[in-house]
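The values are calculated or read from the model by the stated rules, or taken from the named source; none is laboratory data. This structure is a prediction, so every number in the text was calculated from the model and none was measured. Neighbour counts are summed over all protein chains in view; Cβ atoms, including those assigned to glycine, are modelled from backbone coordinates with ideal geometry.
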Amino acid sequence: MIEFQNISKTFESKSNTVHAVRDVSFSIKDSEIFGVIGFSGAGKSTLVRCINMLERPTSGNVVINGVVMNELSEKDLRIQRRKIGMIFQQFNLLGSRTVYENVAFPLRNQKLPKDQIHEKVISLLELVGILDKKNVYPSQLSGGQKQRVAIARALANDPDILLCDEATSALDPQTTSNILKLLKQVNEQLGITIVIITHEMSVIKEICDRVAVMEDGYVKELDSVINIFSNPKATITKDFVASTTNYDQLDDLIQNRPEVLNLNIDQSLIKIDFVGSNTKESVIAHLTKTYDVDASIIFANIEIIQDEIIGSMVIILSGTQKQDAINYLESLNLNVEVLKHA
C-alpha cells in the first residue's frame, strides 16, 4: 500500500540545517494499522506527512499503490490526496459550521447531488457515533466528540489511507481508548490502511499491528507490536516499552540507588521475559527445586497484546548453582538478562 524508498527530508535555514528524516525505507501493508513512534523531534510527523506530500522529500520516493507521489503534477496530486484522509491533535474543525457541515465540507467540490451528500454525511455520523450532534457547533462538543467529527470528515472522500497525527494526545485516557476502538472499527469495517503517529507506547500497544520506532530521523527498529514488546532491541525501543510499566522506575533504582537492593556476594539480579505459553509454566518453582537456588521476585508485569500474553519478571537469584539456573531459563527460549551482579 505505502512504500518509503530511501526517504530523506532536510530543512534549510540561514543559520542551520535540520535533517528531519534520514534515508528511511520500509513498506506498510494494505489494511494494516501501522504505528510510528518517537519523541518530539524524532522525525515521525515529517515522515508521515511525506505520504500525502504535505512535506516533499528532499530525496527518495513515496510510492502508494504503485504511484510515485513526488513525481505527480499538482493536478494529479490533488486527485491522489482525496484518497488520503488525515486527522490531527487539535481537530482542525471549522468553528462557524455545524457538525453536519464540517463532515460535508470535503464533498463541496465533488458535484454530488444534495441527497447523496446528505446520505453520506448521515452514514458517517452514525459510524462514528455522533449523529445526535449533527446540528451543533464544535464549541459545544467535548474533545472526544470533536475527534469523532474529525474522523467522519476524514472519511468523507472514501479514502484508502487514514493518517493520524498525534490524534489522541489532547484527550484523557478513557476518551483516548474510545477513539482508538473507533479507529479499529473503521479499519475492520472499511478496510482502510491507518498510519498512527504518536509518542505514547500505550497507543501502539492498544491498536497497532506493526510499529516503526524513530529517533533523530532514523528508523531504529521496525517489527510487530508483539515482538517489540516481548524483545525490544534498540535502546530507544526499550525505553518506550519500559514507559508503559513501572519497569523504568525499577531501572532507575538499579542505576542510581543500588544500595536499596543490597545484593549479597552470591546474588544476581535477573530479568526474564515471557511470551505466550511460557507464561503458564511454573518456571520459578521448578528453578528453586531443581537447582537449589533462592529466587526473590521484586517486580512482575503482565500485558495482553493482540490476545497474546507477554510478561516480565525481575528476580534476585542466589545460590551456588545460579548459573545453571540461568542456563535452564535460556533453554526454555526465554529472554534472560543479567541486570546486575553483587
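Descriptive notes on the structure:
- Flag for residue 284 being among the hydrophobic types (A, V, I, L, M, F, W, C), closer than 30 Å to residue 21 by Cβ, in contact (Cβ under 8 Å) with a residue 12 or more places away in the chain and part of a helix (DSSP H, G or I): no
- Among (1) farther than 30 Å from residue 226 by Cβ; (2) modelled with pLDDT of 95 or more; (3) assigned to a loop (DSSP other than H, G, I, E, B), the one test that residue 100 misses: (3)
- Close pairs (7 angstrom Cβ cut-off, 6 or more residues apart or separate chains): more than 22 Å from residue 213 (Cβ to Cβ) in region 3-25, among the hydroxyl-bearing types (Ser, Thr, Tyr) anywhere: 17/10
- In region 252-273, residue farthest from residue 302 (Cα to Cα) [restricted to those that are without any contact (Cβ under 8 Å) to a residue 24 or more places away in the chain and assigned to a helix (DSSP H, G or I)]: 259
- Restricting 28, 51, 33, 37 to those that are in the same structural domain as residue 183 (by TED's automatic domain parsing) and over 16 Å from residue 214 (Cβ atoms) reduces the list to 33.
- Matching residues, region 122-159, being of a type in the set (Val, Ile, Thr), surrounded by 18 or more Cβ atoms within 10 Å (Cβ to Cβ) and closer than 28 Å to residue 79 by Cβ: 128, 149, 151
- Those residues of region 302-328 which are surrounded by 15 or more Cβ atoms within 10 Å (Cβ to Cβ), within 27 Å of residue 256 (Cβ to Cβ), out of contact with any Asp or Glu (no Cβ under 6 Å at 6 or more places or on another chain) and not charged (D, E, K, R), in sequence order: 311, 313, 314, 315, 316, 317, 326
- Screening the candidates 220, 184 for the property of being basic (Lys, Arg), in the same structural domain as residue 7 (by TED's automatic domain parsing), at pLDDT 90 or above and more than 27 Å from residue 19 (Cα to Cα) yields one hit, 184.
- Matching option when the condition is part of a loop (DSSP other than H, G, I, E, B) and either surrounded by 20 or more Cβ atoms within 10 Å (Cβ to Cβ) or not assigned by TED's automatic domain parsing to the domain that holds residue 49 (or both), among 171, 163, 93: 93
- Residue list for region 62-77, restricted to those being buried (at least 16 other Cβ atoms within 10 Å of the Cβ) and touching a residue at least 40 places away in the same chain (Cβ under 8 Å): 62, 63, 64
- Hey, residue 329 outside any strand (DSSP E or B), outside the structural domain of residue 231 (by TED's automatic domain parsing) and either among the aliphatic types (A, V, I, L, M) or without any contact (Cβ under 8 Å) to a residue 12 or more places away in the chain (or both) or not: yes
- Of the residues in region 83-95, not one is in contact (Cβ under 8 Å) with a residue 40 or more places away in the chain, charged (D, E, K, R) and touching a helix residue (DSSP H, G or I) at 6+ places or on another chain (Cβ under 8 Å).
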